[in-house]
Amino acid sequence: AKAQGRDGIIVFNDDLAKRVEYHLEIERRLYFALEHNEIELRYQPQFNKERKMIGCEVLVRWNNHEFGFVSPAEFIAIAEKTGLIIELGNYIMEEAFKTLSQWSENEIEIEQFSINISVRQFFHATFVEQVEQLVRKYLNEKIVKKVVFEVTETILIEDMQRIIALMERIKRLGISFSMDDFGTGYSSLSSLREMPIDELKVDRSFVSHVGEQRSDELMITTILSMAKFFQLKTVAEGVETEEQFQFLLKNNCDIFQGFYFARALGKEQFENFYKERRGG
Ligand code: C2E
Ligand code: CA
Ligand code: CA
Ligand code: CA
């Protein structure tokens, strides 16, 4: 039993060492990737109840010739741990703002434009100043109103007063807030009521079980009716089927995003998609 225990520890240490090594390697390459334009932005369209495209969510992609495609779910988490998320997040925001300003110059009119903000980025000492500076550089008063910052329930690691103060400063610029992955974390009704958020996103993990899992359907209907009560806009992510779309429609969801409608598109792809749809 002792030997087994020892083995267990050795295996654990070995795993840990490998994991640390892997993280450092990813970080090193990610840093390089930032400098060499391997980080690309994709734009996943969002649709209203009439299936009209009304906005998009910015999703980052890392295209490495050696590693191939690395999922953001993986490298964002690593960038959060190492702190590189600050530089990466600023880069994403700047590229996203550039795109949004170009689109309005080229008469690509969307109502909202969502950017994911990670928790460490949100609480970083210079975040608000960074946002202010980039808004000043790229967006006028009309365009900045389209910007939505998606945050997750993990921001609740800090106290509510600090969260609210930061949000209010950003909202004064015209930017709104969306609560992403709602229902997967630990936020309570009261924290939802306290925060100055404008939108709720129903997580894909619930949407994907529509028609299969009653408890997930119940989560969705509860989230949607709660959002209505608080007068929040609602977005469902990960809509893959007509059945899911119909269920969400019936429960009065406002906005829909998912492979059923469109995948995340490159900038030019998005522009073409828009023009085809609008006949422009
Ligand atoms: P998220 O914010 O929940 O983004 C939604 C994810 O679901 C995206 O994965 C999107 O491609 C995927 N998705 C959308 N519709 C469907 C669908 O119908 N079916 C399926 N199976 N998947 C769908 P992605 O792009 O791999 O991003 C994963 C996560 O990485 C995001 O989850 C977000 O947490 C993070 N992330 C992505 N881009 C950024 C970014 O620019 N900044 C930060 N901080 N995080 C980001
Ligand atoms: Ca998101
Ligand atoms: Ca999600
Ligand atoms: Ca998320």
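Among the criteria (1) within 15 Å of ligand 2 (Cβ to nearest atom); (2) under 18 Å from I117 (Cα atoms), the one F206 does not fulfil is (2). Within region 236-268, being of a type in the set (S, T, N, Q) and either touching a residue at least 60 places away in the same chain (Cβ under 8 Å) or within 15 Å of ligand 2 (Cβ to nearest atom) (or both) holds for one residue alone: Q257. Taking first residues from region 193-217 that are open to solvent by 50 Å² or more (accessible area, probe 1.4 Å) and partners that are of a type in the set (D, E) and within 16 Å of ligand 3 (Cβ to nearest atom), the Cβ contacts under 6 Å between residues at least 6 apart in sequence or on separate chains come to R204/E237; H209/D216.
For region 81-90, filtered to residues that are open to solvent by 40 Å² or more (accessible area, probe 1.4 Å) and farther than 11 Å from I26 by Cα, the residue that is modelled with the lowest pLDDT is K81. Kindly indicate whether S187 is among the hydroxyl-bearing types (S, T, Y), within 16 Å of ligand 4 (Cβ to nearest atom), within 20 Å of L59 (Cβ to Cβ) and open to solvent by less than 60 Å² (accessible area, probe 1.4 Å). Taking the combined requirement at face value, the residue does not satisfy it. The single condition among (1) closer than 18 Å to F113 by Cα; (2) open to solvent by 10 Å² or more (accessible area, probe 1.4 Å); (3) in a helix (DSSP H, G or I) that T222 does not meet is (1).
Looking only at residues of region 29-73 that are in contact with a strand residue (DSSP E or B) (Cβ under 9 Å, 6 or more places away or on another chain) and acidic (D, E), we find that the one that is most open to solvent (accessible area, probe 1.4 Å) is E40. Within region 147-165, residues that are over 23 Å from L100 (Cβ atoms) and open to solvent by 30 Å² or more (accessible area, probe 1.4 Å) reach partners that are assigned to a helix (DSSP H, G or I) and among the acidic types (D, E) with beta carbons closer than 6 Å, at six or more positions or on different chains, in the pairs M160/E194.
F230 - would you say it is surrounded by fewer than 16 Cβ atoms within 10 Å (Cβ to Cβ) and either among the aromatic types (F, W, Y) or within 13 Å of ligand 3 (Cβ to nearest atom) (or both)? So F230 passes the test.
Within region 233-247, the set of residues being farther than 16 Å from P45 by Cβ, crowded, with 21+ Cβ neighbours inside 10 Å and touching a strand residue (DSSP E or B) at 6+ places or on another chain (Cβ under 7 Å) comprises just one member, T234.
The values are calculated or read from the model by the stated rules, or taken from the named source; none is laboratory data. Fair warning: this is a prediction, and the values are worked out from it, not measured in the lab. In this analysis, Cβ positions are derived from the backbone assuming ideal geometry, glycine residues included, and neighbour counts consider all displayed protein chains. The accessibility values were calculated without ligands, DNA or RNA, using every heavy atom of the protein model including side chains. Shrake-Rupley method; radii C 1.70, N 1.55, O 1.52, S 1.80 Å.
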